[in-house]
Amino acid sequence: MDILKQQVHLWCIDNHIIEDKYKQSYFCRFLSEKEKLKASKLKLKKHRSSYIATRAIIRLILSEYEESVSPSDWVFKKNKHGKPRISNTSLLKNIHFNISHTKGMIVIAVSLDLELGADIEEVNYRRNTDGIVNNFFYDKEKYIYYRLNKKNRIPYFFEIWTLKESYMKACGLGFSMPMDSFFLQKESDGNITINIVKRKMKEDVFFWHKSLNDRYKVSLCMIGSENNQCVVIDKTNFLQNVFINNRYRGQYGK
C-alpha cells in the first residue's frame with residue numbers, strides 16, 4: 001500500500017468485527033512469543049481478546065506498507081515512557097505508527113517520517129468531567145469549559161482530552177508530561193493551536209480531530225509536518241482486505 005510524505009492513514013476498527021473465535025484463533029498466529037505470554041496473563045476475556053486483536057491488526061496493517069515483512073516478523077520496542085516504535089532493520093520506508101483503543105473501538109495511525117500520536121475516547125455523558133478538568137486542564141481551557149452549558153461540556157471535554165493526549169503521545173512522553181503544561185485552542189478557521197506555558201516542548205505540530213458516529217472522539221497529532229500541515233486519509237474501508245483477503249492466509253492457514 002502506498003503512502004506519501006505528509007500523509008497519515010487512519011484505520012478505525014470496530015471490536016464487533018474481530019470478536020468471534022475464528023478471528024481470535026487466526027490473530028494469535030501473528031503474535032510474538034512475548035505477546036502471547038502477555039495475552040495469557042490477562043484474566044478478563046474481553047481484555048485478552050482486545051489485546052490479541054490489536055497486536056495482530058497492527059502487524060497485518062504494517063505489512064500492507066512493507067510487503068517484504070510478514071506480519072509475524074515485525075519487531076517493536078518501547079521508549080522509557082511506553083511509546084512503541086518499529087525496530088526492524090533494512091526497511092524500505094521510515095514508518096511511524098500509533099495505537100489507541102477504547103470501549104468498542106481501536107484506532108491505528110500510520111505515517112512516513114512523521115512522529116505521531118493518536119487517541120480515541122468514548123463520549124460518556126455520565127462521567128463527572130468537572131473534577132478532571134479542575135485537576136488537569138490549563139486555566140484557559142477551564143474557562144472555556146465552564147462557559148459552556150452542561151450538555152456541551154462533555155463533548156468539549158473529550159475533544160480537548162483526546163487532542164492533548166495525542167500530543168503527549170506524539171512527543172513520546174505520555175502522562176509523564178503534565179497536562180496543564182500546555183493548552184489548546186480552536187481558531188476561527190477550525191485549526192487547533194498549541195500554547196506552551198511550563199517547559200520547552202514541540203511546537204511544530206499539526207492537529208486533526210473528528211467525531212465517529214457521535215459516540216467517539218478521535219484525535220491525531222503529527223510532529224514535523226511541512227508548514228504544520230498534513231493530509232489524513234481514512235483507510236477503514238480497506239480493513240476487509242487486510243483481514244479476509246490478505247496474502248498471508250495461505251501461510252497461516254484458515
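Values quoted throughout were computed directly from the atomic coordinates according to the rules given, and no laboratory measurement underlies them. Computed from a predicted model, the values in this text were never measured in an experiment. When we count neighbours, we look across all protein chains shown, and the Cβ atoms used for this are built from the backbone with ideal geometry, even at glycine.
Remark: for residue pairs Lys186/Lys217; Lys34/Lys217; Lys169/Lys198, the C-alpha separation exceeds 21 Å in Lys34/Lys217.
Between amide H atoms placed 1.01 Å from N, distances below 5 Å from Val8 occur with Val231, Val232, Ile233, all of them 5 or more places distant or on a separate chain.
Per-residue Karplus couplings for the range 67-73, computed as 6.51 cos²θ - 1.76 cosθ + 1.60 with θ equal to phi - 60°, are listed in order as 5, 6, 10, 6, x, 6, 9 Hz, Gly and Pro entered as x.
Phi angles across the range 138-153 convert, under the Karplus curve 6.51 cos²θ - 1.76 cosθ + 1.60 with θ = phi - 60°, into 3J(HN,Hα) values of 6, 3, 5, 5, 4, 4, 5, 4, 6, 6, 7, 6, 4, 5, 8, 5 Hz, Gly and Pro given as x. How many nm is it between the label spots at Glu187 and Ser70, if each spot is 7 Å from the Cα in line with the beta carbon? About 4.9 nm, to one decimal. Based on Cα atoms of the range 101-214, Rg over Rh with Rh as the Kirkwood radius reads 0.94. Applying 0.36 nm per residue to the separation of Asp139 and Leu44 and subtracting their alpha-carbon distance, the gain on full extension is 30.3 nm. As I understand it, the value is the acute angle between the Cα axis of helix 45-65 and the longest principal axis of the Cα atoms of the chain; what does it come to in degrees, rounded to 10? Approximately 80 degrees, to the nearest ten. Phi angles of the range 118-125 translate, via the Karplus equation with coefficients 6.51, -1.76, 1.60 and θ = phi - 60°, into HN-Hα couplings of 10, 8, 9, 9, 6, 6, 10, 6 Hz per residue; Gly and Pro are given as x.
FRET efficiency for the Leu148 to Cys28 pair, using the beta carbon distance and R₀ = 45 Å, is estimated at 0.50.
Separation of the alpha carbons by more than 19 angstrom is noted, of Lys23/Lys45; Lys83/Lys140; Lys46/Lys103; Lys142/Lys164, for Lys83/Lys140. Net charge in the neighbourhood of Ile86 (other residues with Cβ under 13 Å of its Cβ; Lys, Arg +1, Asp, Glu -1) is +2.
Count Lys and Arg as plus one, Asp and Glu as minus one, and take only other residues whose Cβ is under 11 Å from that of Asn124; the net charge is then +3. Extension gain, Tyr125 to Arg85: 0.36 nm times the residue separation minus the Cα-Cα distance gives 11.0 nm.
The charge dipole of the chain, taken about its Cα centre with unit charges on the Cβ of Lys, Arg, Asp and Glu (plus for the first two, minus for the last two), comes to roughly 1260 debye. For the range 130-207, a crude dipole built from +1 on the beta carbon of Lys and Arg and -1 on the beta carbon of Asp and Glu, taken about the Cα centre, is about 200 debye to the nearest 20.
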